[in-house]
Structure formats: structure tokens, C-alpha cells
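What follows is calculated from the coordinates using simple rules that are stated; it is not laboratory data. Since the model is a prediction, treat every value here as computed from it, not as a measurement. Heads up, the Cβs are rebuilt from the backbone with ideal geometry, glycines too, and the neighbour counts pull from every protein chain shown.
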Amino acid sequence: MQLHEALALVGPIVPVFNADFQVWEFESPHFPYLNIHGESADEIITKYPQYLAIHLDDLQHGRVANFIMQATPGTWGGKREGAGRPIGTKKTPKTRISLPCALATVLKRYGDYPFIVQETPQGLKVIFKAEGTAHAKPERRRKR
């Protein structure tokens, strides 16, 4: 919400004199936690837009308590219209695994080819399978 929109929502700023504390004060029902007190009505009228701008900035950056955000009109999530996952769709389930670095390197390099990895005392042995043969290693791809 922009400052001019918030001021239009608040309407005219009409301070009220509080005889108990001998101060002028103003509170809008649209922003109930933003109370302004001052020594004159003119001071309140000039300070309220400044304080409201600071309050809106704090709301936008999440620097206020949750109960104040709930009492304030408008949306402060930053969500665009139509953004996000369509309603009714679900994410594909995923899992995370840990692999030895050598195996991860083989997977990155030859991930498109069918292969088997065997662990030997000397290290990991990669056996490639090609159609029609038992063990055929794919040609290395050249960088262009």
C-alpha cells in the first residue's frame, strides 16, 4: 500500500484534545496501532503523514508484530496476482541422498548413459552398458 492510498483510506485528519493528558491526539480506525500525540492540532496534521509513511515501510519489511499486521488493511505478503502453483496441483516428491565424490563425478559426466558402478578395493569401477553389447564405453563428448 502506498502513502497516498493510505491517506485516502484514513480520510481527513481531525485531532481530538485529550483533557486528561493535555495533548492533542489522532488515531485512525484503519491503522489502530498508529497513535499520534502532540501539543497542537497543526502539529498532528503535519506529523501524521510522516509517521504513517514510516509505519507503512515497517509493515512492508515485516518489522512489526503479527497482531499489528493482522489489524492493518491490505496485503503485505508481496504476492503477485496469479503467482505460485495452480490450486490443486502437488509437488513431485523428492528425496536427497549423499554420494561419494567420485560417484557424483561419474554421474555428472555419464548420466545420460546406462551404466553400473561397482566398488572394488582400488576404487569405483564404472561398467557401461550399450545396446547389443555387454560392456561398451560411450564415446567422450567433445566440447565445441
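Take peptides 30-40, 53-63, 14-24, 118-128 and line them up by average Cβ neighbours within 10 Å, highest first, as a rough protection proxy.
On the way: 30-40: 14.8, 53-63: 13.3, 14-24: 11.6, 118-128: 10.1.
Per-residue mean Cβ counts within 10 Å order the peptides as 30-40, 53-63, 14-24, 118-128.
Dipole of the stretch 3-71, Cα-centred, from +1 at each Lys and Arg C-beta and -1 at each Asp and Glu C-beta, to the nearest 20 debye?
On the way: 2 positive and 9 negative charges, 42 e Å.
Rounded to the nearest 20 debye, it is 200 debye.
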